[in-house]
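Participant: Following this message is one structure expressed as structure tokens.
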Amino acid sequence: MRKTHRIGAAVAIAASATLALASCGFGGGSGDGDDANGGTTLDLLVPSYSDATQGLWEDVIAGFEDENDGITVNLEVQSWDNLESVVATKIQGGEAPDIYNGGPFAGFAADGLLYDAEEIISPAVFSDFQESFIANEQVDGTTYALPLIASARALFVNNALLEQAGVAAPPTTWDELLDAAVKVSALGGGIAGYGMPLGSEEAQAEAAVWLWGGGGTFGDESAITVDDPANLPGAEQIKKMIDAGATQADPGSTDRSPLMDIFVQGKIGMQVGLPPTVGQIEENNPELDYSIVPIPTQDGSPMTVGVADQLMAFQNDGDKQEAITKFFDYFFDPEVYVPWVQAEGFLPTTISGAEALQDEEALQPFLEVLPDAQFYPSTNPQWSATDAAFKALFGQLQTKPAQEVLAEIQAQADAG
């Protein structure tokens with residue numbers, strides 16, 4: 001049965017906003033972990049996900065402090081543009097936050113700055129995280145961060161266009177996707193069967209959809225393997241889609257965001273999207289008849305490209321370990337955590353969080369694929385160069401042989 005998926009306007013606004021907030025600053029904390037009244041002060045540094053971020057964290061802190069007499073949490077909110085420079089400055093000045101919400105953590109772990117995550121959260125809460133997400137927070141088998149929020153990708157399908165093209169059901173394999181996309185493109189009138197964004201905005205993400213969907217990999221914490229033969233089937237399938245006229249014009253220079261705008265307008269049959277896409281449709285074309293289904297792969301096996309930001313704890317003062325554990329246990333309780341995640345427009349990384357959202361129809365396609373999430377090898381020091389190489393070079397698949405493009409990306413990644 002085809003269903004139209006929608007989400008509330010409040011969540012849509014929160015999900016799409018990326019406004020910078022003024023810093024609250026830490027202040028008031030002392031170097032030995034005790035405040036002036038003999039309690040414990042935790043410094044919490046977080047990025048702004050939306051214009052609601054500060055208020056959401058303040059509500060969490062207020063509830064936590066009510067239940068934990070003697071523990072005070074000082075909140076500082078920074079824009080994503082400033083976050084990494086702010087935390088670096090704090091670390092250099094010997095004032096690292098006790099708890100930090102950020103992205104890359106491998107450098108901090110290599111410098112011995114972080115707690116083993118299992119030391120600052122109770123076993124019951126730790127075991128509640130999706131296994132695929134916890135594995136993404138590990139270096140040499142040690143978990144150094146906790147996955148705060150999840151995002152996954154799924155295929156958005158314009159039901160009306162597929163019906164007009166005589167496609168009976170959304171595709172599950174590459175062969176079915178190619179056949180459906182060619183038929184939709186044949187409708188004419190500027191309609192494209194599949195939205196293929198290979199431009200610089202997020203070429204690495206579209207590459208992951210296809211290369212991983214064919215059994216490939218970008219590598220792991222110890223090696224980048226873009227030119228691995230296992231990646232060739234996915235790259236060649238992209239070329240097959242382009243050559244068959246199954247995509248929009250000039251996919252090599254098309255970015256994801258403007259292309260998704262065209263899908264929302266009803267001019268693309270299928271495109272891979274994110275949970276915030278649901279809110280975008282609700283806001284800009286609420287009458288669009290669409291479905292969300294798993295991303296088609298070479299053989300139909302489940303796969304999604306996962307993204308997670310992290311919470312980590314710096315080993316500033318051993319006296320704070322117990323307070324940090326209490327904070328994490330409180331925050332990841334479903335009654336606290338799930339409303340926070342929903343308000344920010346993301347997905348929960350915990351099993352209990354996913355269960356709490358089982359009645360949210362619009363989110364189910366994303367929640368269902370979370371256990372099968374695969375991730376960029378972000379703990380590899382070469383990942384930044386690899387990411388840049390994908391963005392600069394992957395669009396050449398439109399005109400160059402697949403193996404040549406993969407080799408060029410590998411060479412640039414190796415060169416750093």
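Each reported figure results from applying straightforward, stated rules to the coordinates on display, with no laboratory input. For clarity, every value in this text was computed on a predicted model and none was experimentally measured. In this analysis, Cβ positions are derived from the backbone assuming ideal geometry, glycine residues included, and neighbour counts consider all displayed protein chains.
Participant: Run lengths n ≥ 4 of DSSP H only: what is the helix-derived mean residue ellipticity at 222 nm for the chain, with -39500 (n - 2.57) per run over all residues, to the nearest 500?
Facilitator: Details: 18 runs with 169 residues, N = 416.
When only DSSP H runs of four or more count, the value is -11500 deg cm²/dmol.
Participant: Let me ask something else. What FRET efficiency would be calculated for the residue pair Glu236, Asp299, taking the C-beta separation as r and a Förster radius of 25 Å, to the nearest 0.05?
Facilitator: Details: r = 15 Å, r/R0 = 0.61.
The computed FRET efficiency comes out at 0.95.
Participant: Given a cut-off of under 8 Å on Cα pairs at least six residues apart, what relative contact order in percent is computed for the chain?
Facilitator: On the way: 818 pairs, mean separation 110.0, N = 416.
That works out to 26 percent.
Participant: Report the FRET efficiency, 1/(1 + (r/R0)^6), for Asn68 and Thr173, where r is their Cβ-Cβ distance and R0 is 60 Å, rounded to 0.05.
Facilitator: On the way: r = 52 Å, r/R0 = 0.86.
Working from the Cβ atoms, E equals 0.70.
Participant: Now a separate question. So, in nm, how far is label Glu119 from label Glu221 when the simple model puts each one 7 Å beyond its Cα toward the Cβ?
Facilitator: If labels sit at Glu119 and Glu221, their model points lie 1.6 nm apart.
Participant: So, one more: What distance in nm separates the simple spin-label points at Asp243 and Gln358, each placed 7 Å from Cα in the Cβ direction?
Facilitator: Between Asp243 and Gln358, the label points sit 4.7 nm apart.
Participant: Would you please put 313-321, 40-48 in order of how densely packed they are, using the mean number of other Cβ atoms within 10 angstrom per residue and starting with the highest?
Facilitator: Packing proxy ranking, top to bottom: 40-48, 313-321.
Participant: I've got another one for you. Excluding same-chain residues fewer than 8 positions from Lys400, which lysines have a Cα within less than 20 Å of its Cα?
Facilitator: Lys239, Lys240, Lys391
Participant: Ordered by packing density, taken as the mean number of other Cβ atoms within 10 Å over each peptide's residues, highest first, how do 172-181, 264-273 rank? Present the calculation step by step, with values, prior to reporting the outcome.
Facilitator: Details: 172-181: 19.7, 264-273: 22.8.
So the peptides 172-181, 264-273, ranked by packing, come out 264-273, 172-181.
Participant: How many nm separate the modelled label positions at Glu131 and Thr399, each set 7 Å beyond the Cα in the direction of the Cβ?
Facilitator: Here the modelled spin labels are 4.6 nm apart.
Participant: Mind checking the full-extension length gain between Glu201 and Ser384? Use 0.36 nm per residue of separation minus the Cα-Cα distance, one decimal, nm. Don't skip to the answer; put the middle values down first.
Facilitator: Numbers: separation 183, 0.36 × 183 = 65.88 nm, distance 1.44 nm.
Gain in length upon complete extension: 64.4 nm.
Participant: Dividing the alpha-carbon radius of gyration of the chain by 2.2 N^0.38 Å (N being the number of residues), what value is obtained?
Facilitator: On the way: Rg = 22.3 Å, N = 416, 2.2 N^0.38 = 21.8 Å.
The reported ratio for this selection is 1.02.
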